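A short worksheet on the structure shown next.
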Amino acid sequence: MPSLRLGNIAPDFEAETTAGPIKFHEWIGNSWAILFSHPGDFTPVCTTELGEVARRAGDFAKRNVKLIGISANGLKDHNKWVEDINDFGARYGPTNVEFPIIADEDRKISTLYDMLDEQDATNRDAKGLPFTIRTVFVIDPKKVIRLTVAYPASTGRNFDEILRAVDSLQLGDKHRITTPVNWNKGEDVIVHPSVANDEAKVLFPEVTFHKQPYLRTTPLKVSE
């Protein structure tokens, strides 16, 4: 099966999760969603990641983003692992994993989303089946894949960057802008190339036209 690409519809599926059974598209509803994979339960890097996501759940909720993890273990292990995550995470702040984690022992969903590790021979279970890499899918309310990130099992993800990317995507959908290198919410943005100069002056009264005719920047005031 070819890899999923940006702009593809995220494949629908049914799954058992720590929050009960779901139908993925139905679960997303009219929200954005982040599906993020973990090589396995009771693993150190994953434990730190899930704790961080739990502590940042409010930041994602403010952006109308639902969170769902997936790991190649069953629900019994997942539920026990959540206790570990909350316990270890408490040293950094209140930690309570409330978002669902998908049970994917047979790797069906991991295969559907092309998440399995084809590189690291140590990232396998006792039967020799590959675990997943650290994949992130950002999916919009139309169920379109808008962003993907893939990290090796050895490298924890940066969820500040994922939040930053969500801000960029959502603001771009609303305001006909793009975002420059190292941009953070509240900083100047770039007027989308499809906007003519005369229209740019109307849409963005504080627009700056640079020496490079294809570069036009503007402040963008948005509510938190």
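The values are calculated or read from the model by the stated rules, or taken from the named source; none is laboratory data. For clarity, every value in this text was computed on a predicted model and none was experimentally measured. Ideal geometry is used to build each Cβ from the backbone, glycine not excepted, and the neighbour counts take in all protein chains shown. Ligands, DNA and RNA are stripped out before the accessible areas are found, and what is left, the full protein with its side chains, is counted by its heavy atoms. Shrake-Rupley method; radii C 1.70, N 1.55, O 1.52, S 1.80 Å.
Structural remarks
- Some residue of the range 36-45 being touching a residue at least 60 places away in the same chain (Cβ under 8 Å), at positive phi and open to solvent by 20 Å² or more (accessible area, probe 1.4 Å): no
- So residue 131, is it modelled with pLDDT of 95 or more, closer than 23 Å to residue 22 by Cβ and among the aromatic types (Phe, Trp, Tyr): no
- Taking the criterion of being open to solvent by 100 Å² or more (accessible area, probe 1.4 Å) and either among the aliphatic types (A, V, I, L, M) or over 16 Å from the mean Cα position of the chain (by Cα) (or both), the residues of the range 1-20 that qualify are 1, 2, 6, 14.
- Considering the range 166-194, the residues that are among the charged types (D, E, K, R) and within 22 Å of residue 54 (Cα to Cα) include one that is least open to solvent (accessible area, probe 1.4 Å), namely 167.
- When residues in the range 46-74 are screened for being open to solvent by 20 Å² or more (accessible area, probe 1.4 Å) and modelled with pLDDT under 95, 1 of them pass.
- Residues of the range 150-160 classified as open to solvent by less than 30 Å² (accessible area, probe 1.4 Å) and within 19 Å of residue 54 (Cβ to Cβ), total: 2
- Which listed residue is of a type outside the set (Asp, Glu), buried (at least 16 other Cβ atoms within 10 Å of the Cβ), modelled with pLDDT of 95 or more and in a helix (DSSP H, G or I), from 163, 147: 163
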